[in-house]
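Here's the structure we're looking at; comments come further down.
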Amino acid sequence: MAFNLKGRHLLTLKDYSAQEIEFLLNLSIKLKQDKYSGIRAKNLDGKNIALLFEKASTRTRCAFVVACVDEGAHAEYLGIEDIQFGKKETVKDTARVLGRMFDGIQFRGYKHETVEELARYAGVPVWNGLTDKFHPTQALADLMTVMEYKGSLKGIKFAYVGDGRSNVANSLLVISSKMGLDFRIVTVESLFPEKHLVMEAEAWAAESGGEITFTQDVDHGVKGADVIYTDVWASMGEENKISERIKLLKPYQVNRAMIETTGNREVIFLHCLPSFHNTDTDMSKKNPDICEVTDEVFESKHSRVFDQAENRVHTIKAVMTATLG
Ligand code: CP
Ligand code: NVA
């Protein structure tokens, strides 16, 4: 079934129905097939897209740029240091200016309220490319990857292990409860997601037939899992929390023992990336205990992280083409 998402923002996915999410996932798979077949539909021919970044990015930035070029649009990167935004100009004025010049705006940054304000005043679709609270385009790529490897989302047991309050965990909670997954957040109680989001997710899961579990017990949380997912233990902007998080989350590191505990030889490992999985980065060299996943798992046959990274292009392309019409 086709859905008309023209003019819609994408801020959290909370306001998208299960059918609309399914439509976006199927469209992403089709756009990936088209790209592999050499079909360039140029669905965004002549459109201008603003890419506004307060925080660093590799995947999201590149996925938006490549998706724009594939579809015939022009992407303009606006780094926080390059423009007036935040220093001499308010969010509201920036939104109204960009909305007069561009057909769509991507925002990545700190406060979730900023992307909401951009959406309120821009007059064109605004897409959240990550805030402190949510990362919805990531969640779409994650479930697209699950569909590719598991055939469908039906009955999927999905264990998210680690920082249960991260933007990625929050968005996975939203999308999984809407799509009827058996979704578990496995972490210390102090890092369970916020109460009000849990209550919303429980209502969506009741409607979709999904199940949500919050547990501190790794064995219970990952048992039978089809997917093990983790994210860094301290997100961008939380660098001062690294030592505290290492202490809390060390028992939740994704390692070979955890993969074996699932009892599922076909379990796949996912990670939004960037990841600390060895001591080859500046940060992990300084702090070898920072690794949320071992190199052994990251590089194993279970790992699908680079398919997942590629799928950011196809899902972002689907979001832009569907909402720009
Ligand atoms: N997963 C993700 O959003 O990566 P970037 O921070 O590199 O965009
Ligand atoms: N939770 C991570 C995700 C990065 C894609 C962060 O916000 O840094």
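Go through segment 142-159 and count every residue that is open to solvent by 20 Å² or more (accessible area, probe 1.4 Å) and in a helix (DSSP H, G or I). Within segment 142-159, residues that are open to solvent by 20 Å² or more (accessible area, probe 1.4 Å) and in a helix (DSSP H, G or I) number 4. Per the conditions (1) free of Cβ contacts under 8 Å to residues at least 60 places away in the same chain; (2) more than 16 Å from ligand 1 (Cβ to nearest atom); (3) not small (Gly, Ala, Ser), the sole criterion not satisfied by residue 239 is (2). Anything in segment 123-134 that is open to solvent by less than 10 Å² (accessible area, probe 1.4 Å), within 16 Å of ligand 1 (Cβ to nearest atom) and touching a His at 6+ places or on another chain (Cβ under 6 Å)? List them, or say none. Result: 131, single match.
When residue 120 is tested against (1) open to solvent by 20 Å² or more (accessible area, probe 1.4 Å); (2) touching a residue at least 60 places away in the same chain (Cβ under 8 Å), exactly one condition is not met: (2). Of the helices (runs of 4 or more DSSP H) lying entirely inside segment 232-325, those containing at least 1 residues that are surrounded by fewer than 21 Cβ atoms within 10 Å (Cβ to Cβ) and at pLDDT 95 or above span 242-249, 256-261, 295-298, 305-324.
Please state which one of 183, 158 is closer than 16 Å to residue 229 by Cα and in contact (Cβ under 8 Å) with a residue 60 or more places away in the chain.
Only one candidate passes the filter, namely 158.
Checking each residue in segment 191-219 for being of a type in the set (A, V, I, L, M) and open to solvent by 40 Å² or more (accessible area, probe 1.4 Å) picks out 199, 203, 206.
Under the condition of being aromatic (Phe, Trp, Tyr) and within 17 Å of the chain's Cα centre (by Cα), the residues counted in segment 36-67 number 2. Residue 137 - would you say it is within 16 Å of ligand 1 (Cβ to nearest atom), under 14 Å from the mean Cα position of the chain (by Cα), polar (S, T, N, Q) and part of a loop (DSSP other than H, G, I, E, B)? Against the criterion (within 16 Å of ligand 1 (Cβ to nearest atom), under 14 Å from the mean Cα position of the chain (by Cα), polar (S, T, N, Q) and part of a loop (DSSP other than H, G, I, E, B)), residue 137 does not qualify.
Of the residues making up segment 160-177, those that are more than 15 Å from ligand 1 (Cβ to nearest atom), touching a Phe, Trp or Tyr at 6+ places or on another chain (Cβ under 6 Å) and either more than 11 Å from residue 212 (Cα to Cα) or not in a helix (DSSP H, G or I) (or both) are 161, 164.
Okay, residues lined up against (1) at pLDDT 95 or above; (2) assigned to a helix (DSSP H, G or I); (3) buried (at least 19 other Cβ atoms within 10 Å of the Cβ):
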{"residue": "6", "(1), (2), (3)": "yes, no, no"}
{"residue": "14", "(1), (2), (3)": "yes, no, no"}
{"residue": "28", "(1), (2), (3)": "yes, yes, yes"}
{"residue": "39", "(1), (2), (3)": "no, no, no"}
{"residue": "44", "(1), (2), (3)": "yes, no, yes"}
{"residue": "75", "(1), (2), (3)": "yes, no, yes"}
{"residue": "81", "(1), (2), (3)": "no, no, no"}
{"residue": "95", "(1), (2), (3)": "yes, yes, yes"}
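Residue 104 meets the conditions (1) in contact with a Pro (Cβ under 7 Å, 6 or more places away or on another chain); (2) within 15 Å of ligand 1 (Cβ to nearest atom) in every case but one. The failed one is (2). With respect to the conditions (1) in contact (Cβ under 8 Å) with a residue 60 or more places away in the chain; (2) within 30 Å of residue 125 (Cα to Cα), residue 305 lacks only one, and its number is (1).
For segment 205-231: of the residues being in a strand (DSSP E or B) and polar (S, T, N, Q), which is farthest from residue 291 (Cα to Cα)? Per the criteria, the residue is 213.
Take residue 2 and tell me if it is hydrophobic (A, V, I, L, M, F, W, C), out of contact with any helix residue (DSSP H, G or I) (no Cβ under 9 Å at 6 or more places or on another chain), surrounded by fewer than 16 Cβ atoms within 10 Å (Cβ to Cβ) and under 30 Å from residue 201 (Cβ atoms). No: the conditions fail for residue 2.
This table checks each residue for (1) within 16 Å of ligand 2 (Cβ to nearest atom); (2) among the aliphatic types (A, V, I, L, M); (3) closer than 30 Å to residue 193 by Cβ.
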residue	(1), (2), (3)
70	no, no, no
78	no, yes, no
100	no, no, no
110	yes, no, yes
117	no, no, yes
125	no, no, yes
129	yes, no, yes
132	yes, no, yes
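The values are calculated or read from the model by the stated rules, or taken from the named source; none is laboratory data. Keep in mind the model is a prediction, meaning the values are calculated, not measured. For neighbour counting, all protein chains shown are included, and Cβ atoms are generated from backbone atoms with ideal geometry for every residue, glycine included. Calculation scope for accessible area: heavy atoms of the full protein, side chains included, ligands and nucleic acids excluded. Shrake-Rupley method; radii C 1.70, N 1.55, O 1.52, S 1.80 Å.
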